[in-house]
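The values are calculated or read from the model by the stated rules, or taken from the named source; none is laboratory data. Source: prediction; values computed, not measured. Reconstructed Cβ throughout: ideal geometry from the backbone, glycine too, with neighbour counts over all protein chains shown. For the accessible areas, the whole protein counts, side chains as well, though only heavy atoms, and no ligand, DNA or RNA atoms are used. Shrake-Rupley method; radii C 1.70, N 1.55, O 1.52, S 1.80 Å.
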Amino acid sequence: MFVELVRTRRSVRRYLATPVEPAQAELLLEAALRAPSSQGQSPCHFVVVSDPKLLSDLSRAKPHGASFLGGAPLAIVVCADPSKGDVWVEDAAIATTFVHLAAASLGLGSCWIQIRGRVHDASQTSSAYVAQCLQLPPGLEVEAIIAVGSPAESPSPHPHDSLAFSRVSYDRFGQGL
Ligand SMILES: Cc1cc2nc3c(=O)[nH]c(=O)nc-3n(C[C@H](O)[C@H](O)[C@H](O)COP(=O)(O)O)c2cc1C
């Protein structure tokens, strides 16, 4: 059940060394390709990375929040063509979310690594660095990398009473039920 999935889903950053089965990877890509996109423009491209050297290179895409990718058996890099519409960021974010949730449904751990809007160093954006690592064609932007693997950690689900229902209003902002 979807509700049960979102109740237990967490970001997982530590993985077993076991590879992700090709059939499982294909299901993740199916989820990505089934994600909704504005006007059906489907501006996203996905690069599946399992080469340890490339995973290590990608783990240096930005100074913080990506290093754990070096310990992941698989990454899915979500790119998009901004010329295919003004909401490619939203389209790419939804596809990334679909992969994260599909991974959870398969018992795999995964974590979003933000690339768009981040910098590799003073002279290069993280998106340009990833484009260089993966030989992306000119014009593609990188939204995110999803690290995927069999979980080597099990973060507890967020308890129901930790959810900020105070941020929800009814009919008018600030109004309760
Ligand atoms: C847009 C977005 C960007 C994120 N970027 C990163 C990132 O670069 N590195 C990272 O380790 N986690 C990243 N995360 C994961 C968040 O840190 C995580 O979702 C948050 O701490 C809540 O934890 P949970 O997913 O386990 O509930 C990102 C999540 C989102 C939605």
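Quick notes on this one:
- Rounded to the nearest 500, the helix-only mean residue ellipticity at 222 nm of the chain stands at -9000 deg cm²/dmol, with each DSSP H run of n ≥ 4 adding -39,500 (n - 2.57).
- Percent of Cα pairs exceeding the 25 Å cut-off, where the set is the chain: 37 percent
- At R0 = 41 Å, FRET efficiency that the Cβ-Cβ distance of L16 and V119 yields, to 0.05: 0.85
- Note on the stretch 9-94: Cα convex hull, mean projected area over all directions, 6.5 nm².
- For the stretch 142-173 versus the stretch 16-77, the spacing of their alpha-carbon centroids is 20 Å.
- Heavy-atom accessible area with a 1.4 Å probe sorts L55, L136, L177, largest first, into L177, L136, L55.
- Based on C-alpha pairs under 8 angstrom that are at least 6 apart in sequence, the stretch 27-129 has a relative contact order of 32 percent.
- In this structure the stretch 48-177 gives 53 Å² per residue of accessible area when probed at 1.4 Å with all protein chains present.
- Axial C-alpha extent at least 24 Å, average Kyte-Doolittle at least 0.5 - helices from the chain (DSSP): 88-105
- Taking only protein heavy atoms and a 1.4 Å probe, the accessible area of the chain is 55% carbon and sulfur.
- Taking amide H positions as modeled 1.01 Å from N, with prolines and chain starts lacking one, the residues under 5 Å from R14 and 5 or more places away or on another chain are A152, E153.
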